[in-house]
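Report on the structure given below.
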Amino acid sequence: RFMENGAVELYYDNSKKLETTSAGVNFTGEIRLTDGNIIRLGDATYGDLKIYHTGSANYIDNAEGHPLHIKYTGGEDLAKFTPNGSVELYYDNSKKFETTNIGVTVTGKLSPTSNIHMPDSTGIKLGASDDLVLYHYATDNTNRIESGTNCPMLFQYWNGSSYEVMSKLIPDGPVELYDNNVKKFETT
């Protein structure tokens, strides 16, 4: 159907499948492309963004090198991919995970469901100033816990309602051992 100064409609078996509108085109049903054909979006000669399937893999190709954002209705960020840069993952529009040139940054609690495997002589760093580092040295086959900012190391036990101190290691100071949250031994 062709309407003067209005829509054009295409039908299949008396069912509308395509309709032009003042905003663009509306489709009803599926849009199918065979393997290797590309949906191109953007003003660049070959499209700023390409979506396609090769027959063995699916691709979202950011051809012009712009960041690729995955957003929810209303502008809420879900993920952001920056060429030659970071990958960012969000929860409720708050960044929780980001790749960096030296590894990853996690904002919030990290709750692994299995072991975390790290290469020898690399560490897990905690704190804004790498205050605590956990790692295994392959050169002398030692496991190490280091305090990187001259902070005391406190080992505690959570008994279900409060913490009980087990030991304190104070840089340039004493080592203290506790029994049932009471100091029993101290080096001088």
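The values are calculated or read from the model by the stated rules, or taken from the named source; none is laboratory data. This structure is a prediction, so every number in the text was calculated from the model and none was measured. Heads up, the Cβs are rebuilt from the backbone with ideal geometry, glycines too, and the neighbour counts pull from every protein chain shown. Just so you know, the surface numbers come from the protein's heavy atoms only, side chains and all, with ligands and any DNA or RNA stripped out. Shrake-Rupley method; radii C 1.70, N 1.55, O 1.52, S 1.80 Å.
Residue-by-condition table, conditions (1) open to solvent by 70 Å² or more (accessible area, probe 1.4 Å); (2) modelled with pLDDT of 95 or more; (3) charged (D, E, K, R); (4) within 30 Å of Ser111 (Cα to Cα):
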site	(1), (2), (3), (4)
Glu30	yes, no, yes, no
Asp35	yes, no, yes, no
Gly55	no, no, no, no
His66	yes, no, no, no
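So the check is Cβ under 8 Å with 6+ separation or different chains; which pairs have a first residue in the range 152-171 that's at negative phi and among the acidic types (Asp, Glu) and a second one that's part of a strand (DSSP E or B) and open to solvent by less than 60 Å² (accessible area, probe 1.4 Å)?
Here the result reads Glu164/Tyr178, each pair linking the range 152-171 to a residue that is part of a strand (DSSP E or B) and open to solvent by less than 60 Å² (accessible area, probe 1.4 Å).
From (1) β-branched (Val, Ile, Thr); (2) farther than 30 Å from Ile70 by Cα; (3) surrounded by 13 or more Cβ atoms within 10 Å (Cβ to Cβ), pick out the condition that doesn't hold for Thr99.
Every listed condition holds for Thr99 apart from (2).
Any idea which of Ile70, Ile116, Ile124 is open to solvent by 50 Å² or more (accessible area, probe 1.4 Å) and either under 30 Å from Leu49 (Cβ atoms) or in contact (Cβ under 8 Å) with a residue 12 or more places away in the chain (or both)?
Just a single option satisfies the conditions, and that option is Ile70.
Which is under 28 Å from Gly85 (Cα atoms), of a type in the set (Phe, Trp, Tyr) and either in contact (Cβ under 8 Å) with a residue 24 or more places away in the chain or assigned to a strand (DSSP E or B) (or both), of Tyr59, Tyr46?
Going through Tyr59, Tyr46 in turn, the sole match is Tyr59.
Which of the residues belonging to the range 157-188 are charged (D, E, K, R), within 18 Å of Leu132 (Cβ to Cβ) and surrounded by 12 or more Cβ atoms within 10 Å (Cβ to Cβ)?
Once the filter is applied, which keeps residues that are charged (D, E, K, R), within 18 Å of Leu132 (Cβ to Cβ) and surrounded by 12 or more Cβ atoms within 10 Å (Cβ to Cβ), the range 157-188 yields only Lys168.
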